[in-house]
Structures are given as structure tokens and as C-alpha cells.
1. Is segment 73-85 home to any residue that is modelled with pLDDT under 95 and either surrounded by 15 or more Cβ atoms within 10 Å (Cβ to Cβ) or in a loop (DSSP other than H, G, I, E, B) (or both)?
2. Mind listing whichever residues of segment 86-109 are assigned to a loop (DSSP other than H, G, I, E, B), aliphatic (A, V, I, L, M) and at pLDDT 70 or above?
3. Answer yes or no as to whether Arg35 is of a type in the set (Lys, Arg), modelled with pLDDT under 95 and assigned to a helix (DSSP H, G or I).
4. Hey, among Ser38, Ser93, which residue is of a type in the set (Ser, Thr, Tyr), more than 13 Å from the chain's Cα centre (by Cα) and surrounded by 12 or more Cβ atoms within 10 Å (Cβ to Cβ)?
5. Quick one: Leu56 ticks every box in (1) in a helix (DSSP H, G or I); (2) over 15 Å from Ile4 (Cα atoms); (3) at pLDDT below 95; (4) not basic (Lys, Arg) bar one, so which box is it?
6. Considering only segment 1-32, state which residues are surrounded by 12 or more Cβ atoms within 10 Å (Cβ to Cβ), modelled with pLDDT under 95 and hydroxyl-bearing (Ser, Thr, Tyr).
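The values are calculated or read from the model by the stated rules, or taken from the named source; none is laboratory data. From a predicted model like this one, the values you see are computed outputs, not experimental measurements. Virtual Cβ from ideal backbone geometry, glycine too; neighbours counted across all protein chains shown.
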Amino acid sequence: MKTIQQAALSALEVQNACNLTGVLHSYSNAMKIVREESHRLGKGTDWINNHPISRLYADKVASLSGTQNWDTAEANEAYADVESLAEEPKGMSAGDFVNSLLGGSTNIV
């Protein structure tokens with residue numbers, strides 16, 4: 001991917017994707033192009049963050065991660081859970097700790 005047109009085409013192509021990792025890899029590549037375009041045009045971070053390519057990818061990531069319709073309470077809960085994950089688990093394995101946060105229904109390998 002080398003041009004803004006190619007980045008735009010990639011953003012459109014991933015809209016039917018189901019693999020978050022693949023979408024994020026493509027997103028990263030597209031953002032390099034958007035950033036280069038912003039430098040060429042003398043634009044800043046806000047221009048990059050609000051570029052239609054950025055927003056379309058962000059929407060797809062939110063869709064795949066189930067966060068598209070989150071309210072503030074859900075975002076705050078996720079933030080607290082991630083802070084807990086960042087701390088050293090006390091008395092249990094890291095996998096058991098993650099499972100406890102996820103309600104015990106997910107197997108972490």
C-alpha cells in the first residue's frame with residue numbers, strides 16, 4: 001500500500017472482514033499513508049484522527065470488538081479490568097485471572 005487511494009480501497013475491503021488482527025495490520029499500514037499525506041499537506045494529528053480512512057477503520061475495529069455501542073460505564077469497566085490485568089495477579093495464574101474477569105467462560109491458552 002503506497003497511495004492514499006490504495007489506503008482508501010483497503011479501508012473499504014476490510015468492511016466485510018471478521019479477523020480483528022488482520023484488520024489492525026491493514027489499519028496500521030493505511031495510517032502510515034494517511035500520516036504521510038498529512039505531512040505533505042501540512043496537516044496535524046486532528047486531521048489524521050478524523051480522516052475518513054481513520055474513522056472507517058476505527059468503526060470496523062469497534063464492530064469486531066463489540067464496543068461500537070458502548071456507553072461510558074462499559075468503557076470505564078473495561079479500563080478498570082485492563083488496569084487489573086496490568087497488575088501482578090495475586091494467588092492465581094494469569095490465565096485464571098483473565099478468566100475471572102471474563103466470567104470464567106473463556107479459555108486462555
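1. No; the residues of segment 73-85 include none that is modelled with pLDDT under 95 and either surrounded by 15 or more Cβ atoms within 10 Å (Cβ to Cβ) or in a loop (DSSP other than H, G, I, E, B) (or both).
2. Hit for segment 86-109 is Leu102, nothing else.
3. For Arg35, the condition - of a type in the set (Lys, Arg), modelled with pLDDT under 95 and assigned to a helix (DSSP H, G or I) - is not met.
4. Ser38
5. Among (1) in a helix (DSSP H, G or I); (2) over 15 Å from Ile4 (Cα atoms); (3) at pLDDT below 95; (4) not basic (Lys, Arg), Leu56 violates only (2).
6. Result: Ser10, single match.
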